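Here's the structure, in C-alpha cells; my notes come after.
The values are calculated or read from the model by the stated rules, or taken from the named source; none is laboratory data. Since the structure is predicted, the reported quantities are computational estimates derived from the model, not experimental observations. Counting neighbours? That spans all protein chains shown, and the Cβs are built from the backbone with ideal geometry, glycine included.
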Amino acid sequence: MYGWLWRHLPGGRWSKIAILVALAPAILIVLFQWVFPWAEPLLPFGQTTVGG
C-alpha cells in the first residue's frame, strides 16, 4: 500500500514527504470526526460480562 501511494504521488522525494505529512493528520481528523462516531453504535463495546 505504501509503495503504491509513494509511486502515485506527484513531485520529487521532498514534495512527496510534505504531502504525506499533511495528509496523515487530515486522515486522522476525518476518522475521529466522522468515521469512528458513525461506527461506534455498531460495535459491541458496552456489551461485556465478567464472571458467571
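Observations, loosely collected:
- Which numbered condition PRO10 misses (of (1) assigned to a helix (DSSP H, G or I); (2) surrounded by fewer than 10 Cβ atoms within 10 Å (Cβ to Cβ); (3) over 14 Å from the mean Cα position of the chain (by Cα)): (1)
- Any hit, the stretch 27-39, residues being touching a Leu at 6+ places or on another chain (Cβ under 9 Å), at pLDDT 95 or above and not aliphatic (A, V, I, L, M): no
- When the stretch 34-46 is filtered for residues that are surrounded by fewer than 10 Cβ atoms within 10 Å (Cβ to Cβ) and part of a helix (DSSP H, G or I), the ones remaining, listed by number, are TRP38, PRO41, LEU42.
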